[in-house]
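The structure appears right after this line, and notes come after that.
The values are calculated or read from the model by the stated rules, or taken from the named source; none is laboratory data. All figures in this text were calculated on a predicted structure; none of them were measured in a lab. As a convention, Cβ positions derive from the backbone with ideal geometry for all residues, glycine included, and neighbour counts pool all protein chains shown. With ligands, DNA and RNA removed, areas are computed over all heavy atoms of the protein, side chains included. Shrake-Rupley method; radii C 1.70, N 1.55, O 1.52, S 1.80 Å.
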Amino acid sequence: MADRRHQIESARAEANELISKARETENHAEALEYCTQAGNCLLNVINVGHPHEKHQIRAQFKAIVDYADSRKNLNRNPVTEWVTNIATGGPDAPRSEHSSSEHMTTSSTSTECSLITLPDAPVSNVRGGGSSSNFAAADVPQMGYSSAPIYDTPLLDFSVGRTASHLLDHESPDTQTIDGPEEQDEKYSQPTDGPKTVRPAPSISGFSRTALRDAEPDSVLICGFSRLAVTSGDRSTIQKIRRLREPQCTRKLTTKEQILILKSSRLNGFKFPPWSTPTQAEFEFDDKHTAFHDSRQLGLSPDQLRFFERWARASIALPPPTTPDAAKLTPLMSTNRSIDLVQDAGTDCSVVASLCAVVARTERGHEELLCNKIWPYSDKEQRPVISKNGKYILRLNFNGCWRRVVIDDKLPLSKTNRVLHVLDRSNPALLWPALLEKAYLKVRGGYDFPGSDSCGDLWALTGWIPEQIYLQENDTVPAQLWTRIFRAFQYGDVLVTAGTGKMTRRHEKEVGLEGQHSYVILDMQDKGYEKLFLLKNPWIQGDLRYGPESSTFWKPMEFVVRHFESLYLNWNPGLFSHREDIHFEWNIPSQAEHAGPGLLVDNPQFSFTSRFSGPVWLVLARHFRDEADGSSHPHGGNSLKGYMNIVVCNANGERIFMRESCLESGAYVDTPQALLRWNSEAHTTYTIVIDQEDLLPSDYSFTLSAFTNSDITLAQAAEKYGLVTSASGGWTQETAGGDTTSPKYFENPQYTLQVKEKTSLGIVISGKGHQYPVHVKLVYGYGKRVCVLRNRDILAASGEYRSGCAVAQKDDLPTGTYTLICSLFEAGKTGEFQLKVYSTKAVQLTPLPREGAGFFSMKLPLACIGPKVHRLATPLYIHRLSRVSFIARLVNVTTPQPTQPALRARSPLRLSVDLGTGPNMKSLACSSSGEYSQTTTVRCEGLDLDPQTLPPGNVWLVIDRLSGPFEPIEEWYEVEVFADVPKALDVSHWRELD
């Protein structure tokens, strides 16, 4: 007893002496330093004294605060200004050349009271000198013009963390080793091996937060809902970490985007308008003194309905009726005790884990993230307060902006000891967690929401940047992952949760985990030889045990990597100084209409430019959709099937056709948010493309957000080709001619392209309902059907045959009439296709009739030219005056040798129509103007035959080979006759003319 009293008297005497020194000095900084030391002296003993002694200590502590107030001549909250000045080094403290006054204060859009945050774990070599990093620079959210690194180990895979314009000097705290179990935090369990180490208590204005729970509410800076800041322990070294200001989008939304934001307000039969600060009148009773009622209550799952009794006001539902002394307690919005949030009969494990992560961050000494998310809000107390009429308005981030979510305070009341909503086991009457949960579940469809992933939930609750780490991927390196997040976790710049995959019941029992479940990481500890996570399972399965018990356990990094499927990270957006958002819609076509893999021409595309080189983080957020519009599907953890991705291309901000110019690409994810980290070069314009796989056909809306530390521009990608001309076609059994090696190649669909002004073209062909390899050629054909093709005639081609789609481009195409040839790789395959011509000037696209269209066709018997034969002929018997065309195609080559020669080994060929034979023969028509051709198809076209002038049996159709091959092979030809009248002629059998 004497020792305790002596300790208190010594501390008070030392504090008085320090204040005397503060009064004597004229140096303002020295006075504040003396006040800081005096305050710490008192806070170190406030838990030691009896109640009357604590009252005296509080009064002396308050006097110190008032004196600091008088020295500063403050007009606002004295402690708030005191904290600000100490954190920033005073009003005359030097600032970074590029930092602005707005970076030195809290965000104008935030009502959070905390101005500084402090890490709770030891930090060494804070000002550089740390280990080098091989991580990608894309993980470094640092301004290109910034200086002075803060983290000595990588944050977000980077060697430099908070930028100089955001942070000030840090000092390294000490970690104390204690022996008495009474000094340990009753919420967190410690590793069983080694000394009992307590995380050091961060300070406010240099004051240890050890005794905040016992200090006067108005004598310290209250951080949100819980007045318990951290665990017990003392730290003499002051660490000043200022709250980072979140960047705001500066681009003006287009009218179309504004309409989209308003359209996205309707969801699940409710309306969630963009955020506007509530007025106090909204929470007052009306003239009839009627409490606020929501339009309808949220749905419950069949399992939850087994326990459900009714919807009850918070005054009845909290604390739950089964709680000891429940009748004596009323709902609270704040507590002096630690918070232990749990999930019981609810199915939203990811949501509860998300709330636990935010609470744990606050209890480690960092500023509260959720205190400006709930209204009514007391500016005086700097926290939410109980609503008079039962109405609450919450501020959540989804569907492109911060939005108003209005709820009443009715909670699902259980008729058993099971609880249907989130509950604080340490403080069963605490209301705000249940309100946040209800508001978010209202957005997601109801209490039967099965949960998703915590990084998506935290994106909605806090606006922090979501990232999912797939622990089972081959490129996941545990040591690098730990280094990347450990220091950021200490500085409160990342929230960490984890999720398990599917497990057998036996596996669950062996490792002590639940399959497909969300866990929260409350703390991280690096012991050198071992890296530890403090995990918490928020699911209690009916085991409430009101009190300090908590389902927490320490596990090494190796255990987490081995048994968890994903690590979910949410990064402080204040690590970046600039942000831009763009909102857009996307109609996903059906699979039958899908253009094919790799074709991006119809995908949303954007232009991105950064003033300085450096990392860029892109977040693609898919908007939740209204189930009432019939476009959504039964919701699950991720609501909709399919995957989405972000692709960065080096295309100067112009729209692209294919992924061939891709620089960076993220993973295809089935979550509502996707993240891509990459590095941009200064003053370089990129094209950002949104891609998807297997998203169900429907209309979707998205928001793309870019976070950087440099001035940026984000806009719609420029249209290189302003006009589009399209046509639909198909390959049938008659027109599926195959590639250029096929004798039927020229039977493929062909189009006339008429260009009236010089233009640049992009020609896209895509299969409809199939993924056959396709190809398109632009050739000199004068708008007519092409039957012979030479290399010099090809103006543009799509290269190799590509599965599902192909693109050919031609710049500065002169005025003229051209021919397009559309083909499949394999002859005989059938299917439809879409042909689009993108151009800078208007063009006209017209399909050409297939060969022989409108004529009567007659196929002759196959003609076989043997090894020693050079000419075959058949007599023609003309019956009617007609216009006739003859076509001969090489269809096969046979040989007795084991290896059959390729078709390209054919002989040069000529097809002719002759009058008579022998020396008196007269040629009526001849293919290729009488020249022998190496092509597989030859033809005689447009020959007029009159039976009156041509004697019967003296007109011959001749196949003439220039020379025979050197090998014993036979060449087989198919000959077809097209006539403009039926039964125009007859033929006999083929015979040799040699």
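The table for this structure:
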item: Criterion: open to solvent by less than 20 Å² (accessible area, probe 1.4 Å), at pLDDT 85 or above and either more than 19 Å from residue 893 (Cβ to Cβ) or of a type in the set (Asp, Glu) (or both) - qualifying residue of 914, 946, 986; result: 914
item: Residue among 362, 322 that is polar (S, T, N, Q) and farther than 25 Å from residue 452 by Cβ; result: 322
item: Strands (runs of 3 or more DSSP E) wholly inside the stretch 317-433 containing at least 2 residues that are farther than 23 Å from residue 551 by Cβ and open to solvent by less than 10 Å² (accessible area, probe 1.4 Å); result: 391-398, 401-408
item: Considering residues of the stretch 28-51 that are open to solvent by 50 Å² or more (accessible area, probe 1.4 Å) and assigned to a helix (DSSP H, G or I) only, the residue nearest to residue 71 (Cα to Cα); result: 28
item: Members of the stretch 502-515 found to be over 16 Å from residue 535 (Cβ atoms) and either charged (D, E, K, R) or surrounded by 13 or more Cβ atoms within 10 Å (Cβ to Cβ) (or both), listed by number; result: 502, 505, 506, 507, 509, 510
item: Qualifying residue in the stretch 363-377 (condition: farther than 18 Å from residue 465 by Cα and out of contact with any Lys or Arg (no Cβ under 9 Å at 6 or more places or on another chain)); result: no
item: Matching residues in the stretch 684-706 - criterion: being within 13 Å of the chain's Cα centre (by Cα) and either free of Cβ contacts under 8 Å to residues at least 60 places away in the same chain or farther than 21 Å from residue 258 by Cα (or both); result: 688, 689, 691, 692
item: Residues located in the stretch 809-824, provided they are of a type in the set (Gly, Ala, Ser) and on the phi < 0 side of the Ramachandran plot; result: 823
item: Hits in the stretch 781-793 (condition: open to solvent by less than 60 Å² (accessible area, probe 1.4 Å) and either in a loop (DSSP other than H, G, I, E, B) or at pLDDT 95 or above (or both)); result: 781, 783, 785, 786, 787, 789
item: Selection from the stretch 917-940 of residues that are open to solvent by 40 Å² or more (accessible area, probe 1.4 Å) and in a helix (DSSP H, G or I); result: 918, 919, 920, 928, 929
item: Verdict on residue 660 being closer than 30 Å to residue 892 by Cα, out of contact with any Pro (no Cβ under 7 Å at 6 or more places or on another chain) and surrounded by fewer than 16 Cβ atoms within 10 Å (Cβ to Cβ); result: no
item: Considering residues of the stretch 488-523 that are assigned to a strand (DSSP E or B) and polar (S, T, N, Q) only, the residue nearest to residue 354 (Cα to Cα); result: 497
item: Test: residue in the stretch 609-621 that is open to solvent by 20 Å² or more (accessible area, probe 1.4 Å), under 17 Å from residue 455 (Cα atoms), modelled with pLDDT under 95 and not acidic (Asp, Glu); result: no
item: Count of the stretch 255-293 residues which are part of a loop (DSSP other than H, G, I, E, B) and open to solvent by less than 30 Å² (accessible area, probe 1.4 Å); result: 5
item: Matching option when the condition is more than 16 Å from residue 427 (Cβ to Cβ) and over 36 Å from the mean Cα position of the chain (by Cα), among 345, 357, 327, 353; result: 327
item: Hits in the stretch 781-822 (condition: out of contact with any strand residue (DSSP E or B) (no Cβ under 7 Å at 6 or more places or on another chain) and closer than 21 Å to residue 766 by Cβ); result: 799, 800
item: Complete set of residues in the stretch 453-482 that are under 15 Å from the mean Cα position of the chain (by Cα) and modelled with pLDDT under 90; result: 453
item: Flag if residue 826 is over 25 Å from residue 890 (Cα atoms), open to solvent by 30 Å² or more (accessible area, probe 1.4 Å) and outside any strand (DSSP E or B); result: no
item: Sole exception among (1) in a strand (DSSP E or B); (2) open to solvent by 10 Å² or more (accessible area, probe 1.4 Å); (3) modelled with pLDDT under 90 for residue 767, by number; result: (2)
item: Lone unmet requirement of (1) under 18 Å from the mean Cα position of the chain (by Cα); (2) in a helix (DSSP H, G or I) for residue 485; result: (1)
item: Residue satisfying condition, being open to solvent by less than 10 Å² (accessible area, probe 1.4 Å), without any contact (Cβ under 8 Å) to a residue 60 or more places away in the chain and assigned to a strand (DSSP E or B), within set 761, 820, 778, 753; result: 778
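Let's see how each residue does on (1) within 30 Å of residue 248 (Cα to Cα); (2) open to solvent by less than 30 Å² (accessible area, probe 1.4 Å); (3) in contact with a Leu (Cβ under 8 Å, 6 or more places away or on another chain); (4) at pLDDT 75 or above:
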{"residue": "26", "(1), (2), (3), (4)": "no, no, no, yes"}
{"residue": "53", "(1), (2), (3), (4)": "no, yes, no, yes"}
{"residue": "82", "(1), (2), (3), (4)": "yes, yes, yes, no"}
{"residue": "106", "(1), (2), (3), (4)": "yes, no, yes, no"}
